[in-house]
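Novice: Sending over a structure as structure tokens; questions will come in a sec.
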Amino acid sequence: MTTTQIESEIKITEKAAKEIMQIMKENSVPDNYGLRVGVKGGGCSGLTYTLGFDAEQKEGDTVIEVNDVRLYVDGKSLFYLTGTELDFTDGLDGKGFVFNNPNATKTCGCGESFGV
């Protein structure tokens, strides 16, 4: 299994990185875990984003290290996520992670699904 280090495929804002680290700390997630970022079919626009912690990379994953956060991204998801910025918001419209994806040609009203 090979590890590819890419710094610019997916960006994570400093605010999102801090929130990820805080969630890991609050939930006793070991430091060697990474954040698995992906897409799957579903939602009103066709694809939805997925986030979850994972102990190790899987065959075919790309490993991206940004702002002290290790991301695991499978090849299919990377195709849809290249150039995306993961941000975190805690404004009046709600609190949560936001995907700023330049590949999305349409999004749903809630922002949780997209189409290309």
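Novice: For region 48-81, which positions are in contact (Cβ under 8 Å) with a residue 40 or more places away in the chain and either in contact with a Ser or Thr (Cβ under 6 Å, 6 or more places away or on another chain) or small (Gly, Ala, Ser) (or both)?
Specialist: Thr48, Thr62, Val63, Val73, Ser77, Leu78
Novice: Here's a follow-up. Taking the criterion of being hydrophobic (A, V, I, L, M, F, W, C), surrounded by fewer than 21 Cβ atoms within 10 Å (Cβ to Cβ) and at pLDDT below 95, would at least one residue in region 32-45 satisfy it? Can you show your working first?
Specialist: If we filter region 32-45 for residues that are hydrophobic (A, V, I, L, M, F, W, C), which is where we start, we get 35, 37, 39, 44.
Within this subset, residues satisfying the condition of being surrounded by fewer than 21 Cβ atoms within 10 Å (Cβ to Cβ) are 44.
Those still in the list that are at pLDDT below 95 too: 44.
Checked region 32-45: at least one residue is hydrophobic (A, V, I, L, M, F, W, C), surrounded by fewer than 21 Cβ atoms within 10 Å (Cβ to Cβ) and at pLDDT below 95.
Novice: Based on what the data block shows, is Asn103 assigned to a loop (DSSP other than H, G, I, E, B), modelled with pLDDT of 85 or more and over 11 Å from the mean Cα position of the chain (by Cα)?
Specialist: Working: assigned to a loop (DSSP other than H, G, I, E, B): yes; modelled with pLDDT of 85 or more: no; over 11 Å from the mean Cα position of the chain (by Cα): yes.
Answer is no for this residue.
Novice: Among the residues of region 29-47, which ones are in contact (Cβ under 8 Å) with a residue 40 or more places away in the chain and of a type in the set (Ser, Thr, Tyr)?
Specialist: Ser45
Novice: Out of the strands (runs of 3 or more DSSP E) lying entirely within region 31-98, which hold 1 or more residues that are polar (S, T, N, Q) and more than 14 Å from Ala16 (Cα to Cα)?
Specialist: In region 31-98, the matching strands (runs of 3 or more DSSP E) lie at 47-54, 62-66.
Novice: Another question about this same structure. If a residue must be touching a Lys or Arg at 6+ places or on another chain (Cβ under 6 Å) and modelled with pLDDT under 85, how many such residues does region 75-100 contain? Reasoning before the result, please.
Specialist: First, pick out the residues of region 75-100 that are touching a Lys or Arg at 6+ places or on another chain (Cβ under 6 Å): 85, 88.
Then drop every residue that is not modelled with pLDDT under 85, which leaves none.
Of the residues in region 75-100, 0 are touching a Lys or Arg at 6+ places or on another chain (Cβ under 6 Å) and modelled with pLDDT under 85.
Novice: Residue check: is Phe79 surrounded by fewer than 19 Cβ atoms within 10 Å (Cβ to Cβ), under 22 Å from Pro102 (Cα atoms) and not charged (D, E, K, R)? Can you show your working first?
Specialist: Values: surrounded by fewer than 19 Cβ atoms within 10 Å (Cβ to Cβ): yes; under 22 Å from Pro102 (Cα atoms): yes; not charged (D, E, K, R): yes.
The answer is yes for Phe79.
Novice: Right, something else. Only one of (1) farther than 14 Å from Asn101 by Cβ; (2) surrounded by fewer than 18 Cβ atoms within 10 Å (Cβ to Cβ); (3) out of contact with any helix residue (DSSP H, G or I) (no Cβ under 7 Å at 6 or more places or on another chain); (4) of a type outside the set (S, T, N, Q) is not met by Gly60, so which one is it?
Specialist: (3)
Novice: Hey, another quick one. Report yes if Phe99 is in contact with a helix residue (DSSP H, G or I) (Cβ under 6 Å, 6 or more places away or on another chain), aromatic (Phe, Trp, Tyr), surrounded by 18 or more Cβ atoms within 10 Å (Cβ to Cβ) and touching a residue at least 12 places away in the same chain (Cβ under 8 Å), otherwise no.
Specialist: On the way: in contact with a helix residue (DSSP H, G or I) (Cβ under 6 Å, 6 or more places away or on another chain): no; aromatic (Phe, Trp, Tyr): yes; surrounded by 18 or more Cβ atoms within 10 Å (Cβ to Cβ): yes; touching a residue at least 12 places away in the same chain (Cβ under 8 Å): yes.
In short, no.
The values are calculated or read from the model by the stated rules, or taken from the named source; none is laboratory data. Quantities reported herein were computed from a predicted structural model and do not represent experimental measurements. Cβ atoms come from the backbone with ideal geometry, glycine included; neighbour counts cover every protein chain shown.
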